[in-house]
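**Q** Questions regarding the structure given below will be posed in turn.
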Amino acid sequence: MKIEYLKDGNVVALASARRDRKFPAIAQIEAYWHGLRNGRLMPTRHDVDPRGIGDNLAHAFILERIAPGHARIRLAGQHVSDILSMEVRGMPISAFFTPQARQEVQDALESVFDMPAEVNLTLQSESGIFQKSLDAQMILLPLKDREGRVTRVLGAFQVDGKLTRAPLRFNIRTLDARPLTVDQTAAQKTRDAEHRQQQEMKRPGYWDMRGAPTSEATDRTIPDVTRVDIRPTGDRQNRKTDGHIMRPSGDAGDRGIPVPGMAELAASFHGTPDSMRAGPLARPGGHLRIVPQD
């Protein structure tokens, strides 16, 4: 039977409210993961920052998929290691469970990686002579790797009660797998932000600041620059002169827009008149000409 109650006019699941109160680290790590999603299907492993988890870092762990239904622990907090009374890095996540529960663990991992889904496990430890049974909670939250594949899991594990030196293993009481969906509103905001960033990268450059057209048609008419000739040239009096870098143009009659050289810009900075045109050189110079591709 599903039990619910009203809080501030909203229907709240009683089991969820009890879990958040009894296992606060689970609830806060889950909220951190949802904050990283920001409308996406899931965050990436690179998005997870230990500083964001804060005081709950002892209850957190990172899993890596090694085979269908199997994952090993790459990183784990101190509370997670204390449950088995040993260092758990490199161990399979199934080491926390009894043999009877390991098939359900494999099914849960497949749901996380393949569906993908957010999986919440309610656990109960085995009792012994010197150890009473303890309740625990585990949550498995999928993450993408650098290639965009779901091969990582951000997990949290919290036991309600005092841990002893004896290692604990758990049976599964309930398993809740919730398939992930994308928040269309948040996803649209993300796409809009990416579109604005792309438009920002297309802002007019140096040429457009000098008065050149900025439309897409201009981009199609300006040929690509494929090579640059640096050869001495002469005028009608067979006197070698300096030249300007000319901007390519699609119009046959357009002579292009001269680009000032470093010496001209320096002279302009110091206030020399007619700074955008260089006078004849005292000795033969070179001419830099941009040759457009046909």
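The values are calculated or read from the model by the stated rules, or taken from the named source; none is laboratory data. On a predicted model such as this, the values are computed, not experimentally measured, just so you know. Positions of Cβ are generated from backbone atoms using ideal geometry, with glycine treated the same way; all protein chains shown enter the neighbour counts. Note: areas computed on protein heavy atoms with side chains; ligands, DNA, RNA excluded. Shrake-Rupley method; radii C 1.70, N 1.55, O 1.52, S 1.80 Å.
**Q** If the only charges are +1 at each Lys and Arg Cβ and -1 at each Asp and Glu Cβ, what is the size of the charge dipole of the range 74-198 around the Cα centre, to the nearest 20 debye?
**A** 300 debye
**Q** Along its principal axes, what span do the Cα atoms of the range 88-178 show, with the longest given first and each in whole Å?
**A** Principal-axis extents of the Cα atoms in the range 88-178, largest first: 48, 25, 21 Å.
**Q** Same structure, new question: Using a 1.4 Å probe on the protein heavy atoms only, what accessible surface does SER94 show? Give it in Å² to the nearest 10.
**A** We get 30 Å² for SER94.
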